[in-house]
Amino acid sequence: MKHGFKLLFVMMCSLAIAGCKSRPVPRSAYQTTLPQVGTVVTIGIGERMLTKSDALETRALILTQDQPLGEYIVRKGTYSQIADKEEYQTFGSVVIANAQGAVAKHNKLHLFSKDGSVCIGRAPCAKLDYVMGVTTNYQQASFQSTLIYSGRIGDKITLGYREFDHNMARAAFSNDVTYDLSESMILGYKGARLEVLHASNTEISYKVLAGFD
């Protein structure tokens, strides 16, 4: 009998440990072009019009309004998942205010799988009004393609195409291209498509139609 109780105790402890075991946080990495397709942008001469970027999507808990949680107020925002366990998911950099209105950042919220409650640590807890979504972080790609606005003379504008490998320019892959706006307001290079809305010798406004291949 004692042996059976001991075995049961060991099994319960093993299950408890398994419930707290960390799992990899689901993430999706890909390359994209910034500004994103559909964006309207105005930049000055010598600035980058289009740049290849690394993107990392992470699951997020989204609060569309401030909500009470015990004696605190959790500020609205999109909070990225930083840990994933069988018992709960953890979201970081959460903005919380206390009863005196003092705001503290970088708090953690735990979303418990069992009942859907959201807690600061193990307590206090509440059923918050939230939705699950994703948040995307962008950072400069180690290998970059970029288009730079070089100015306008008459109906012709010039773009500079540059490639960088770990911030080092690849001279053999640099090129300057001239476009005649009297023929078309759509510019294209290596799969990228830009619609010129306005261009002068100091700035250009354009819409991104497609990113680099």
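How about the stretch 90-137: which of its residues are among the polar types (S, T, N, Q), within 15 Å of K76 (Cα to Cα) and free of Cβ contacts under 8 Å to residues at least 24 places away in the same chain?
Looking only at the stretch 90-137, we keep the residues that are among the polar types (S, T, N, Q), and these are 90, 93, 98, 100, 107, 113, 117, 135-137.
Filter again for within 15 Å of K76 (Cα to Cα), leaving 93, 98, 107, 135.
Hits for the stretch 90-137 are S93, N107.
So which residues in the stretch 59-76 are surrounded by fewer than 17 Cβ atoms within 10 Å (Cβ to Cβ), in a strand (DSSP E or B) and at pLDDT 95 or above, if there are any at all?
I62
I'd like the full set of residues that are in contact with a strand residue (DSSP E or B) (Cβ under 9 Å, 6 or more places away or on another chain) and loosely packed, with under 15 Cβ neighbours inside 10 Å, limited to the stretch 98-111.
N98, A99, G101, V103, A104, K105, H106
Starting from the stretch 195-206, take each residue that is touching a residue at least 60 places away in the same chain (Cβ under 8 Å) and list its partners that are surrounded by 13 or more Cβ atoms within 10 Å (Cβ to Cβ) and not in a strand (DSSP E or B), counting only C-beta distances under 6 angstrom and pairs at least six apart or across chains.
Between residues of the stretch 195-206 that are touching a residue at least 60 places away in the same chain (Cβ under 8 Å) and residues that are surrounded by 13 or more Cβ atoms within 10 Å (Cβ to Cβ) and not in a strand (DSSP E or B), the close pairs are T202/I45.
Identify all residues within the stretch 124-135 that are surrounded by 15 or more Cβ atoms within 10 Å (Cβ to Cβ), assigned to a strand (DSSP E or B) and out of contact with any Leu (no Cβ under 6 Å at 6 or more places or on another chain); write none if there are none. Give the derivation first.
Step one: of the stretch 124-135, the residues surrounded by 15 or more Cβ atoms within 10 Å (Cβ to Cβ) are 125-126, 128, 130, 134-135.
Narrowing further to those that are assigned to a strand (DSSP E or B): 125-126, 134-135.
Matches in the stretch 124-135: C125, V134, T135.
Can you find, within the stretch 187-213, the residue that is nearest to the chain's Cα centre (by Cα) among those that are in a loop (DSSP other than H, G, I, E, B) and surrounded by 17 or more Cβ atoms within 10 Å (Cβ to Cβ)?
G211
The values are calculated or read from the model by the stated rules, or taken from the named source; none is laboratory data. Computed from a prediction, not measured in an experiment: that's the story for all the values here. Because the Cβ atoms are built from the backbone with ideal geometry, glycine has one as well, and the counts that use them run over all protein chains shown.
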